[in-house]
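Novice: This is the structure I have questions about; it appears just below.
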Amino acid sequence: MEHSTIALQLYTVRDYLKVDFEQTIRTLDGWGIRVAETAGEFGGNVRTAKALFDSLGWAIPSTCYRDWE
């Protein structure tokens, strides 16, 4: 049986990301998540978030950005 890649929409954990972005990402990484779609929740800094994703070997193939707030 071939294994599928599981991806997570980070919007589903947005409340945790707002409390501690890095720790939430590291926890998800520990659960085996390696692919995610972002949803405008970057811990306040997109470059820092990218560096974290890159350091963990995550793929972020898509994002959902909203600019209406």
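The values are calculated or read from the model by the stated rules, or taken from the named source; none is laboratory data. These numbers come from a predicted model, not from an experiment. A quick note on method: Cβ atoms are made from the backbone with ideal geometry, for glycine too, and the neighbour counts reach across all protein chains shown. Areas reflect the complete protein model, heavy atoms only, side chains present, ligands, DNA and RNA absent. Shrake-Rupley method; radii C 1.70, N 1.55, O 1.52, S 1.80 Å.
Novice: Count, please, the residues in the stretch 12-55 that happen to be outside any loop (DSSP other than H, G, I, E, B), among the aromatic types (Phe, Trp, Tyr) and open to solvent by 60 Å² or more (accessible area, probe 1.4 Å).
Specialist: So the answer is 1.
Novice: Pairs needed: first member in the stretch 38-58, more than 14 Å from residue 17 (Cα to Cα) and of a type outside the set (D, E, K, R); second member anywhere, assigned to a loop (DSSP other than H, G, I, E, B) and open to solvent by 50 Å² or more (accessible area, probe 1.4 Å); C-beta distance under 7 Å; at least 6 residues apart or different chains.
Specialist: 57/34; 58/34
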